């Protein structure tokens, strides 16, 4: 798992989660926009960044409610068609966030849900990523979360590099290699 | 080594794989007279006109570029053999046919530099392309069957360049599946009343064979 210095980890932990405070907290009224005094009441529902919620949860000062990205609507979307769910724009840190959230929240179904989503999207992504060319970015790339995008990029760049190597010295003979179009090619 | 930002998955670049492939031995027929070459990797020669001898591929290509030899095509690169291999590849959807480990690189070097020494060069070129495409599609379809339980993927008879192309993707995919699966497997075993037998470590053996570095 990425650690303290990893940028994507830091960015991921900036996601907001909704928490319910178990204890009152003084001097941090900043967190709750609706409060008059400079403190947070017990039982208040507040949005905190994940890194803060994580620490407070460990000290049992708050309890985290499951954010909407792992809720019922998302589960229905994934069941309908996992590959079309737009993780890129809405929840780019979907998987990492889920993995971090999983031990803190009581809901045990998040883990298998993540895996199920990933497995379904992976199948779709597999063939497309290898045959995608360098310039044209297929639309489905915009729907990938950060982690999936890295996979896609790894496959694509190694394929592109291989192709470049192949036609390197050929000059005029390129046409003999460029070859048969197959249905999975996305040129 | 050409690496990516994630150094644990650094790959060889295609040119580096080619460099390693150039150590393969190949037969040439020199047309000049030259003394023996005593190199660290071995002694070659002396070279006499029209007497075939075996040298490393890099030396063969270098001599060929200077017009000092002609390269004899390796056996596996004949049209009949390649057609056989292509048929066999198309017939067996899960297995790869045995081919020399560096066949992609060797064939590319020979087709580029020694195309006048190869009989029916266009046929050979298109056959090799077809073989490569079929094998690569097999790899892809095999990869679709990886699930969370796969610990290793076995890809038998895959060549160096093909391995190099899929290596970063496959390594990351296995890592991602591992990350998603292991803690949850433990959790699942707690909640669901052990519906799966706890012989957890024997994931399904996917029968493609691979060398993950």
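Derivation of every value follows stated rules applied to the coordinates shown; laboratory data play no part. Quick caveat: nothing in here was measured; it's all calculated off a predicted structure. As a convention, Cβ positions derive from the backbone with ideal geometry for all residues, glycine included, and neighbour counts pool all protein chains shown.
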10 Å Cβ neighbours from other chains, averaged over peptide B:98-109 = 1
Per-residue Cβ neighbour rank within 10 angstrom, fewest leading, B:41, B:53 = B:41, B:53
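Show me the ranking of peptides B:78-84, B:166-172, A:56-62, A:116-122 by mean Cβ neighbours inside 10 Å, starting with the highest. Mind dumping the intermediate values first?
Details: B:78-84: 14.1, B:166-172: 22.4, A:56-62: 15.9, A:116-122: 20.1.
My ranking of the peptides, most packed first, is B:166-172, A:116-122, A:56-62, B:78-84.
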ask   = Roughly what would the spin-label model give for residue A:36 and residue B:154, points 7 Å off Cα along C-beta, in nm?
value = 7.4
inquiry  = Restricting to Cα pairs below 8 Å that are 6+ residues apart, what does the relative contact order work out to for the range B:27-176? Please round to a whole percent.
reply    = 21
remark   = The FRET efficiency for residue A:45 and residue A:90, from their Cβ-Cβ distance with R0 = 25 Å and rounded to 0.05, is 0.70
key: Label zone at residue A:26, where the point sits 7 Å out along the Cα-to-Cβ direction: the range A:32-57 residues whose backbone N lies under 19 Å   = A:32, A:35-44
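How high is the FRET efficiency from residue B:116 to residue B:141, r the C-beta distance, R0 35 Å, rounded to 0.05?
Working: r = 38 Å, r/R0 = 1.09.
Efficiency, rounded to the nearest 0.05: 0.40.
Could you list B:113, B:102 in order of exposure, starting from the residue whose Cβ has the fewest other Cβ atoms within 10 Å?
B:113, B:102
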inquiry  = At 7 Å along Cα-to-Cβ for each site, give me the label-to-label distance between residue B:90 and residue A:9 in nm.
reply    = 5.2
note = Applying the gyration tensor rule to the Cα atoms of the range B:1-145 (axes a ≥ b ≥ c; rounded if a/c under 1.5, else prolate if a/b exceeds b/c, else oblate), the class is oblate
task = Report the FRET efficiency, 1/(1 + (r/R0)^6), for residue A:66 and residue B:175, where r is their Cβ-Cβ distance and R0 is 35 Å, rounded to 0.05.
result = 0.85
